[in-house]
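Worksheet for the structure shown next.
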Amino acid sequence: MRQVSVFFAILKNAMMLIGLPGLGETSVRDLQRMGILLPEDLLEHYPMRYDDFSNRRLVSDVAPGETVTLSGVITSIASRPVPGRRLTIINAIFSDTSGSIRVIWFNQRFLLKTLTPGTHVTLSGQVELQKQGLQLKNPSFEVQRGQETTHTGRIVPIYPLEASLTQKRLRTAIAALLRTERIVDWLPEEIRHREQLIDLPRALQQIHFPETFDAAEEARHRLQFDELFLYELAHLRSREELKKLSAPAIAEAIETIKLFVQSLPFTLTTAQRKAAWQIIEDMSRGEPMNRLLEGDVGSGKTVAAAIAALNAATAGYQTALLAPTEILAEQHATTLQRLLGEEAVILVTRTHGQDRLPEIAKGEAKIIVGTHALLENKVMFHRLGLVIVDEQHRFGVKQRQALKEKQMDDGTVPHLLSMTATPIPRTLALTLYGDLDISVLDEMPKGRKPIKTEIVKKGDSDFTRIKQELDAGRQAFFVCALIDPSEEVEAKSVTELHDELQKGPLKGYRAAVLHGRMKSEEKERIMAEFKQGNLHALISTTVIEVGVDVPNATVMFVEGAERFGLAQLHQLRGRVGRSDLPSLCFLRPSGFVPEQTYERLRALVECNNGFELAERDLALRGPGDIYGTVQSGFPGFKLADLFNAPMIAKARNAAQSLLKEEGGLSRYPAVRARLGEYVKKIHFE
């Protein structure tokens, strides 16, 4: 049994994904698309839900409507085509010591070779009553090779999938990893004991293949704590290091800022004025600013950032604004050029502005907007006094550190202003960002009309109103969670929705598909077409979630709305309503969803304020959703729930106590090693 290091990283000579049972080259490529590159990534690919196949019965004891597991033998199997349809039915007879039952599968001809008569097999599925008697329809199956089962006869994990991946392939690979890897716990025993946490090997075993649902919950609790503890530890250590540095004392350009504010074609909100003043006051001190600007969608964060950049430029310093995507970087550059003048702002991405690097090095360019391309060594700044990071949770600490390390000749580092449009409930902000200075934009600019939001049923969407908007010269966004069709998920992909719309309700209207796997040049071309009004509709994944500003777009249609959290839906809705035109948002669930999910969607219908929505989300969900943070729209965690204030507080206290101990992290090499890996992959401010 090979040993995995304290953070279950696989060493250079260790088995890669391609060597795992169930995974071939195609499967590995699909895993890589999902960001799963190494075996340890696969162990962190947690189930999104479970099927309960633990009810083992004899054939003689089953009843219609029950979900059961049967163990026995295939006594006969045959196939027949359905005339006039592209459908093949596989009929089998399954027997155990108590009797026999009919089993059917659809379009799975490989079963004729896999489940030949005499094969010992375990079946898990729902019992139906048909004219011919009781039957199992499309059950999960597992050829018996011992007492232990992976896909049947137990609580079975269901994972997010993509393309060629199947549940069986993932389960087989993960089960093999758990059998062959020795996982060593990195969390100090005293913390585990105090917080009543199970050890890491058991947590990983039980999150993937739980003995009971209580065991799965216990495992999830441990892994949630790990994520929050590492987040808080990295957060606190970064602040400690920052306090040791010096920053330029940038004078407050009061008169210049007054003239700028007076020249704006709109009136600043009180919240914008307050936030801008807090920022320029911070910049006037000789210690690095470390402020978070938190504002709802459309609350005017970019204007506050423009005032900060203008203040720095007036004193002869440069500003770098870092955005997570080229689309968002271009949007910021366009907005800042409109506010401050085209000559004042340079856009630098992989494909733009490379010829203007000498201007940056000489200090002629004062405001530079870009993506991670700004972090490259060839981008040399003259006097970098301010770094603005938008959607701060989408950047890793190494990326921000690379900018902060671009020190000036006097050894000072730039001030740091982070921005986010993901509202955090007020009850959690101090716990999560306890040692940041926080400015909140909780007012909307005057003139913005509320967006009318509706929940529509499948097949019952009011495309008449959408077409009216398009016929009036407006545009529409259509958003899906999936890029490609999936047999495992009841939700449309962008390609399926595009075909459905172009052949049906939007036939004759110009539409295009946009998603994250496209090349940058292709995404830019399509986005430019949409902004210029050459496309009626854009059918996209959540790549348009932040930063896309098309005032002419008045319709947002979210397909499979139940798959998104309230905060993410609110972000998507914020892509419309960006002018004085009335706007519409339609939320269409994929199929049947629980009442609690509808209650969340109704909260979006009733409320347009992101901060209020965050509070309502906290009240609706409580701590404990298995995909809490993913559903909140706040990237960076796989299981941790940002709405679980008590656990966040415990994780923070544990991190503070550890750092305050004599010797700090040096006393805990396992924690230090795990933290080092964490900051390479996980984003935090």
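For this structure, a couple of remarks:
- Filtering the stretch 184-199 to residues that are in a helix (DSSP H, G or I) and open to solvent by 20 Å² or more (accessible area, probe 1.4 Å) leaves Glu189, Glu190, Arg192, His193, Arg194, Glu195.
- Strands (runs of 3 or more DSSP E) wholly inside the stretch 52-125 that include at least 3 residues being at pLDDT 90 or above and loosely packed, with under 15 Cβ neighbours inside 10 Å: 67-81
- Flag for Phe213 being open to solvent by 70 Å² or more (accessible area, probe 1.4 Å), under 26 Å from the mean Cα position of the chain (by Cα) and touching a residue at least 24 places away in the same chain (Cβ under 8 Å): yes
- Test: residue in the stretch 619-633 that is modelled with pLDDT of 85 or more and charged (D, E, K, R): no
- Residue match in the stretch 207-214 (condition: among the charged types (D, E, K, R), modelled with pLDDT of 90 or more and out of contact with any strand residue (DSSP E or B) (no Cβ under 7 Å at 6 or more places or on another chain)): yes
- Residue list for the stretch 520-563, restricted to those being among the small types (Gly, Ala, Ser), assigned to a helix (DSSP H, G or I) and modelled with pLDDT of 90 or more: none
- Within the stretch 278-298, if we keep just the residues that are in a loop (DSSP other than H, G, I, E, B) and either without any contact (Cβ under 8 Å) to a residue 12 or more places away in the chain or open to solvent by less than 80 Å² (accessible area, probe 1.4 Å) (or both), the residue that is nearest to Ile438 (Cα to Cα) turns out to be Met289.
- Of all residues in the stretch 142-176, those being open to solvent by 20 Å² or more (accessible area, probe 1.4 Å), touching a helix residue (DSSP H, G or I) at 6+ places or on another chain (Cβ under 8 Å) and not in a loop (DSSP other than H, G, I, E, B) number 2.
- Scanning the stretch 490-509 finds no residues that are assigned to a strand (DSSP E or B), touching a helix residue (DSSP H, G or I) at 6+ places or on another chain (Cβ under 9 Å) and at pLDDT 85 or above.
- Residue check for Ala275: of a type outside the set (Ser, Thr, Tyr), buried (at least 23 other Cβ atoms within 10 Å of the Cβ), assigned to a helix (DSSP H, G or I) and out of contact with any Cys (no Cβ under 8 Å at 6 or more places or on another chain): yes
- Residue among Thr412, Thr464, Thr420 that alone is touching a strand residue (DSSP E or B) at 6+ places or on another chain (Cβ under 9 Å), modelled with pLDDT of 80 or more, of a type in the set (Ser, Thr, Tyr) and closer than 30 Å to Ser590 by Cβ: Thr420
- Criterion applied to Glu562, Glu521, Glu496 was being over 18 Å from Gln475 (Cα atoms) and surrounded by fewer than 17 Cβ atoms within 10 Å (Cβ to Cβ), and the one residue passing it is Glu521.
- Residues of the stretch 327-344 satisfying the condition of being open to solvent by less than 30 Å² (accessible area, probe 1.4 Å) and not hydrophobic (A, V, I, L, M, F, W, C): Gln331, His332, Thr335, Gly341
- Every residue from the stretch 467-489 that is of a type in the set (Gly, Ala, Ser) and either at pLDDT below 70 or part of a loop (DSSP other than H, G, I, E, B) (or both): Ala472, Gly473, Ala481, Ser486
- Qualifying positions in the stretch 14-50 - among the basic types (Lys, Arg) and assigned to a helix (DSSP H, G or I): Arg29, Arg33
- You will find that of Ala234, Ala247, Ala219, the residue that is modelled with pLDDT of 95 or more and open to solvent by less than 10 Å² (accessible area, probe 1.4 Å) is Ala219 and no other.
- Of all residues in the stretch 299-326, those satisfying the criterion of being open to solvent by 10 Å² or more (accessible area, probe 1.4 Å) and either on the phi > 0 side of the Ramachandran plot or outside any loop (DSSP other than H, G, I, E, B) (or both) are Gly300, Lys301, Thr302, Val303, Leu310, Ala313, Thr314, Gly316, Glu326.
- Taking (1) under 23 Å from Gln205 (Cβ atoms); (2) of a type in the set (Val, Ile, Thr); (3) in contact with a Phe, Trp or Tyr (Cβ under 9 Å, 6 or more places away or on another chain) in turn, Thr166 satisfies each apart from (3).
The values are calculated or read from the model by the stated rules, or taken from the named source; none is laboratory data. Fair warning: this is a prediction, and the values are worked out from it, not measured in the lab. Virtual Cβ from ideal backbone geometry, glycine too; neighbours counted across all protein chains shown. Keep in mind that these areas ignore ligands, DNA and RNA; they rest on the heavy atoms of the full protein, side chains included. Shrake-Rupley method; radii C 1.70, N 1.55, O 1.52, S 1.80 Å.
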